[in-house]
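Pasting in a structure now, in structure tokens, and then I'll have a few things to ask.
All of the numbers you see were taken from the coordinates with simple rules; none came from a lab. If you're wondering where the values come from, they're calculated on a predicted model, not measured in any experiment. FYI the Cβ positions are ideal-geometry reconstructions off the backbone, even for glycines, and counts take in every protein chain you see.
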Amino acid sequence: MPDAAAEPGTAAARNAAEERSAFSHPAVEPDSTAAYGDHPDQVIDFYVPRGAGGGPGVPAPVVVVLHGGAWRAPYDRRHVSPFARFLAGRGFAVASVEYRRGARDGAGDGVRGGAGDDLVAGRWPDTFDDVAAALDALPALAGRHLPGADARRTVLTGHSAGGHLALWAAARHVLPADAPWRLDRPPSLRGVVALAPIADFEVAGKLDVCGGAARQLLGGEEHYAERRPYADPALLLPTGIATTVVQGRADVDVPQAVVEAYADAAARAGEMVGVTLLEDVGHFPLIDPAADACAVVAEEIAQLAW
């Protein structure tokens, strides 16, 4: 029987072609990079705006990008650098955040596994420590590395696992009272644009999204129930922050059902989440500058930022 991924017209074949396109762009060097901690992964890349998205003389909003890759080590911020540069070309000041991710099962700090290794998704609590620390440090760092940008108009965006982290970061003020990352007031954000986010851990688990990555992120089945209230965006509602989700209907990596479950949870909590569904679009075009879907993403960001 022929391999499904090799048959034209199948969802797997389309997904593979979209992934190849998204990863075909060479990495784009940032204009500058700053550390927010001592670990090599605790850095932020900055891309200064090209063009005047809001008109001549209008300070550029800041877009914070959180990359995806199932919170696993081989996927770092370099794969979204063309997307970051694309947003800078639309007139945004861009901050692309790196954070610690999972290495090989049982490996120590700093070990990077290859694609064939038994990779673990994320590190508890390091991944969350890093995202919180990066966003806390961002206003001061952006003031130095994105001169003239308007940090009062900051939008979070993230793809896949990064979409989860964007939703989580916007909900830090509704974390349990004993959470080390909790804020005493909502973060200063214009909004969140989450791209195919892993936004509901229960539904993601049932669908085995990214090989059960959400459970791995929390330390496995042993810790899942205990840690989920601190990490699952579907339980951290309402946030009171404008939130839009962009989702491809043909996404086989993070299926539409995950986003629908999150939007339903928000509605039950009394909050409306905007959901933009794109026909005949899978997982990767949302961050592929060569794809029409990427322009839709930029427009959704602009709707909140400007």
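As an exercise, identify the GluC sites (Glu not before Pro) in the range 218-282 lying in DSSP coil whose Cβ has no more than 10 other Cβ atoms within 10 Å.
Counting only loop positions with at most 10 other Cβ atoms within 10 Å, the GluC sites (Glu not before Pro) in the range 218-282 are E279.
Still on this model: In whole Å, what are the Cα extents of the range 173-306 along the three principal axes, biggest one first?
Here the spans come out as 42, 35, 25 Å, largest first.
Which of the chymotrypsin sites (Phe, Trp or Tyr not before Pro) across the range 19-48 are loop residues per DSSP, with 15 or fewer other Cβ within 10 Å? Kindly include the intermediate steps, with their values, before the conclusion.
Working: sites: F23, Y36, F46, Y47; in loops: F23, Y36.
When the chymotrypsin sites (Phe, Trp or Tyr not before Pro) of the range 19-48 are filtered for loop state and at most 15 Cβ neighbours within 10 Å, F23 remain.
Right, next: Given Cβ point charges of +1 (Lys, Arg) and -1 (Asp, Glu) and nothing else, what value in debye, to the nearest 20, does the dipole of the range 156-261 about its Cα centre take?
The dipole magnitude comes to about 400 debye.
Can you give me the distance in nm between label points at S188 and E299, each placed 7 Å from the Cα along the Cα-to-Cβ direction?
Distance between label points: 3.1 nm.
Please give, to one decimal in nm, the separation of the simple spin-label points placed at A11 and D38, each 7 Å out from Cα toward the Cβ.
4.7
While we're looking at this one, here's another question. Which distance in nm do the two modelled labels at V58 and R20 give, with both placed 7 Å along the Cα-to-Cβ direction?
Spacing of the two 7 Å Cα→Cβ label points: 4.0 nm.
Here is a further query. For the range 188-275, which trypsin sites (Lys or Arg not before Pro) are both in a DSSP coil and crowded by at most 12 other Cβ atoms within 10 Å?
Taking the range 188-275 and a limit of 12 other Cβ atoms within 10 Å, the loop trypsin sites (Lys or Arg not before Pro) found are R249.
Taking 0.36 nm per intervening residue step and subtracting the Cα-Cα distance, what contour gain separates D178 from A267 on full extension?
29.5 nm
A follow-up question, please. As I understand it, the dipole of the chain uses +1 on the Cβ of Lys and Arg and -1 on the Cβ of Asp and Glu, about the Cα centre. Which of P26, A196, P229 lies farthest toward its positive end?
Sorting the options by dipole projection puts first P26.
Kindly give Rg over Rh for the chain, based on alpha-carbon atoms, with the Kirkwood expression for the hydrodynamic radius.
Over the Cα atoms of the chain, Rg/Rh equals 0.94.
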